[in-house]
Amino acid sequence: MVRALASVQDDLAAQLAAAKPVAWRGKCDLPQLAWPPISVNLVLVVDMWSRIEGTCIALLAMGVSFIAVAIDQDPIAQGVFKHCMPAILHLEDMGQVNAGLLVAVVERRGAKLSAVLAGGGSPCQGNSSQNSQRQGWEDERSQHPLHLQRLCQEIETHPKLRRVAVLSLLGDVASMSP
């Protein structure tokens, strides 16, 4: 069983390392934002709660070159964005994403990889004042940001990833508890 999991992890790592930069293939054009030139070669994006791939769409609109792995359990959302952005590797479980998965990318891309950008907008139902049954940290969905913290710590302490800049972002509702 452990060997099977390692094999799956190796396969995911190989797929991500071989990924092409993300491009938009949707029926309509994305907005193009006029930004000052961005001096990065390639960014590895870990879109942890992708849903509508907002992080990826924003980066494309800014002209950033990136490869991406997106985590979402909704098969409809995955299907739509597999069609519009086929280069994104889609996963269903945040537990599949760890520092080991990213090593193959760094080994293959080397100096061309400028940074890892991890995060997104986590599920807010447990924190939202719009939810009269909200349970805050007692709600399992409110625990999801701990995966972001874990991943960033793994990357920062992994011997083969120490040279990689790690950028993280986390969005949640304003009514969440401190």
Using beta carbons and a limit of 7 Å, which pairs, at least six apart or on different chains, have the first residue in segment 99-110 and within 14 Å of residue 42 (Cβ to Cβ) and the second one part of a helix (DSSP H, G or I)?
102/155; 105/16; 105/17; 108/17
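Test of understanding: among 120, 126, which residue is surrounded by 19 or more Cβ atoms within 10 Å (Cβ to Cβ), modelled with pLDDT under 80 and part of a strand (DSSP E or B)?
120
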Return the pair list, or none, for Cβ contacts closer than 6 Å from residues in segment 61-72 that are within 11 Å of residue 85 (Cβ to Cβ) and in contact (Cβ under 8 Å) with a residue 12 or more places away in the chain to residues that are open to solvent by 10 Å² or more (accessible area, probe 1.4 Å) and assigned to a strand (DSSP E or B), at least 6 apart or on different chains.
66/43; 70/90
Quick one: count up the residues across segment 136-178 that are surrounded by fewer than 13 Cβ atoms within 10 Å (Cβ to Cβ), at pLDDT below 70 and hydroxyl-bearing (Ser, Thr, Tyr).
2
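The values are calculated or read from the model by the stated rules, or taken from the named source; none is laboratory data. Predicted model, so just to flag it, every value in this text is computed and none were measured. Cβ coordinates were reconstructed from backbone atoms using ideal geometry, including for glycine residues, and neighbour counts include every protein chain displayed. Remember, those area values only see protein heavy atoms, side chains included, never the ligands or the DNA or RNA. Shrake-Rupley method; radii C 1.70, N 1.55, O 1.52, S 1.80 Å.
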